[in-house]
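The next block holds one structure in the form of structure tokens; read it before the comments.
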Amino acid sequence: MDVELIEIRDFLASHHPFALLPDEVLDRLPKRLSVRYFRRGVDFPPRDSEEPCLYILRRGAVELRDGNGELVSKLAEGDICPLRCLPEDPSAQYSGVTAEDTLAYLLPCAKLEQLRAQHPDFAAHFEQSTGERLRTALEVIKDTSTSSTGLMTVRIGDLVGSTLIHASPETSIGEAARIMTEHRVSSLVIMDGERLAGIITDRDLRGRCLAAGLSRQRPVSDIMTTSIKTTTVGTLGFEALLTMTRLNVHHLPVLDGDRVAGVISTTDLIRFQSANAVYLVGDIHKARDVETLVQISQKVPELQVNLVGGGATADQIGQAVSAVTDALTKRLIELAEADLGSPPVPYAWMAGGSQARREQSSHSDQDNALLIADHMKPEDDAYFAALAKFVNDGLDACGYYYCPGEVMASNPKWRQPLRIWRKYFTNWIERPEPMALMLSSVFFDLRPVHDPGGLFEELRDHILQHSRANRIFVAYMTANALKHRPPLGFFRSIVLIRGGEHDHTFDIKHRGTVPVIDLARVYALSVGIPEINTLERLKAAGETTALSRDGAANLVDALEFIGTLRVQHQARQLRRGEKADNYLSPDELSPLERGHLKDSFVLINMMQEALGQRYQSGRFA
């Protein structure tokens, strides 16, 4: 292959959906392409084309407009224009014009159809909606990331119980089933003295006994598996999982030298991956002092790394990390009350921001406030000031650093009785000044972490009732939300930071996930949705007049895709011993991920424009 064809082949391999094609197909593809140059301002695709083709932009830019002349999309380097090949696609009704001098590769539609017929993954790109493509891409990156990171460090011996549940070959099948039920195990080791004779599982009881009509009185030796693969106590968890996957078995006896130590199952390994957060929360509840909580909290970054390695999504990680933060907060409150005595009046500890939404990543800053019963006396504040300082200082020691804007319960402004909080929200909603809008991302996302008296429910009802009835407030909230825009250039290129510490990156949190979080908040407040979690808000809004079901589903997919790229980026940093941040370089992403990231940004931008038009947000910017 000559140099020019190699260059074309490498270009195609770096752009979606051609990156989905096998290498041997990519090697042949350049010879099937023709090259055409278009001056600025000409129709695209050209009307004089004799053969309908798929156009792949190599350089330049193209604008696509609908029948009313409205700009609907912009194409740049690496984008494809399938207008002539897919007449059934809604975009086939668009007309294009080159916005600058443009060079394109042309693939005849007949050749495209051959590729689609032979390569389902490639074909899916043209058959799926943006939301469907994002869901598919999310599954791909989850599968790619699943390396069972936690299992790469744990030894099987640490996962096996201390008591071996076993029976002899002469034991009846019925008795074996009773033993398994009594000990709540899915397998039973069969021992002939000190020798490992076999193993039976739940599946054996169903398939070899019940389904075969074998009497329960027969010896278990009639149904046990005797050709047994084993592992050892020193084997790493991921190696045992690979062995079970390769052999298509779900249980392996574990040997400690010549002694049978127990049995490990795929369920045990999967439970280990998903239960780390549960173990941390259990340890937190038993902690006797702040120093112990600090030690436990140091495992939170490892939890995030393990969850990412196990294929968890951003939502699953956010739920797990936030659960740990909630547990730390509650235990600090308990320790504070043990030191200070019982509170003089009921109160609620409220979390704000990402903790309230259950969307935290490891060790972010803290946002919280205190809601106190109205019958508190002035002298009662000394107690709550001490409690707030204890908890805020404890959270900071545990890695949840003090809020730079002092949105914390230790700030007297955010440690108030219910009547004052009601006034706060009434003023913010009826007179939406810049400070109120700035605080909206925290205080319109509130959730009680500790509220034995049920104080928060009345405040929540007040917020939802007033926000839903005030269209001007929602319009101001919309204008404020639209200040966070996806980092898309005029022609779908990702705009990067230039110079400084974060050169050649973009902020995937503030330019990626935050725009969706802001949209969801506006949808929720506009119709009085009580949910706080962003995915739950979007799904609930999709059942109202605030948002279409398709719009909700697409934003859910975009948020999950972008958020998962974010937590995977942070996990890579944590594995390298670096501090996690939100500055992602496109170089970290595969062509598939870059392509779908652009799709996500385009979708978010379209939803922002639609919301802005509904509330004429430009008037309030």
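Here is how the numbers come out for the structure above:
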quantity: Matching entry among Asp461, Asp503, Asp507, Asp518 (being closer than 16 Å to Leu439 by Cα and either touching a residue at least 24 places away in the same chain (Cβ under 8 Å) or surrounded by fewer than 16 Cβ atoms within 10 Å (Cβ to Cβ) (or both)); calculated: Asp518
quantity: Residue match in segment 393-416 (condition: among the β-branched types (Val, Ile, Thr) and outside any loop (DSSP other than H, G, I, E, B)); calculated: no
quantity: Answer residue from segment 381-395, given it is surrounded by fewer than 21 Cβ atoms within 10 Å (Cβ to Cβ) and hydrophobic (A, V, I, L, M, F, W, C) and is nearest to Gln416 (Cα to Cα) among those; calculated: Ala385
quantity: Pair list, Cβ under 6 Å, 6 or more apart: segment 542-561 residue assigned by TED's automatic domain parsing to the domain that holds Ile604 and of a type in the set (D, E, K, R), other residue modelled with pLDDT of 90 or more and crowded, with 19+ Cβ neighbours inside 10 Å; calculated: Arg549/Gly542
quantity: Residue count for segment 17-61, restricted to those that are surrounded by 15 or more Cβ atoms within 10 Å (Cβ to Cβ) and acidic (Asp, Glu); calculated: 1
quantity: Pairs, first outside the structural domain of His569 (by TED's automatic domain parsing) and at negative phi in segment 289-313, second in a loop (DSSP other than H, G, I, E, B) and among the hydrophobic types (A, V, I, L, M, F, W, C), C-beta under 6 Å, six or more apart; calculated: Leu293/Ala287; Leu293/Cys398; Val294/Cys398; Ser297/Cys398
quantity: Conditions (1) in contact (Cβ under 8 Å) with a residue 12 or more places away in the chain; (2) in a loop (DSSP other than H, G, I, E, B); (3) more than 18 Å from the chain's Cα centre (by Cα); number of the one not met by Met607; calculated: (2)
quantity: Qualifying residues in segment 168-185 (those that are outside any loop (DSSP other than H, G, I, E, B) and within 45 Å of the chain's Cα centre (by Cα)) - the one surrounded by the most Cβ atoms within 10 Å (Cβ to Cβ); calculated: Ala176
quantity: Lone unmet requirement of (1) at negative phi; (2) out of contact with any helix residue (DSSP H, G or I) (no Cβ under 8 Å at 6 or more places or on another chain) for Gly454; calculated: (1)
quantity: Residues located in segment 395-411, provided they are touching a helix residue (DSSP H, G or I) at 6+ places or on another chain (Cβ under 7 Å) and over 12 Å from Leu293 (Cβ atoms); calculated: Tyr402, Val407, Met408, Ala409, Ser410
quantity: Residue identified as out of contact with any His (no Cβ under 8 Å at 6 or more places or on another chain), modelled with pLDDT of 75 or more and over 25 Å from Ala610 (Cα atoms) among Pro30, Pro87, Pro22, Pro82; calculated: Pro30
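Every residue, every condition in (1) at pLDDT 90 or above; (2) over 16 Å from the mean Cα position of the chain (by Cα); (3) among the hydrophobic types (A, V, I, L, M, F, W, C), yes or no:
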residue	(1), (2), (3)
Asp283	no, yes, no
Asp289	yes, yes, no
Leu307	no, no, yes
Gln319	no, no, no
Asp326	yes, yes, no
Arg331	yes, yes, no
Leu335	yes, yes, yes
Pro344	yes, yes, no
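The values are calculated or read from the model by the stated rules, or taken from the named source; none is laboratory data. A quick note: this is a predicted structure, and the numbers were derived from the prediction, not measured. Note that we place each Cβ from the backbone using ideal geometry, even for glycine, and neighbour counts take in every protein chain shown.
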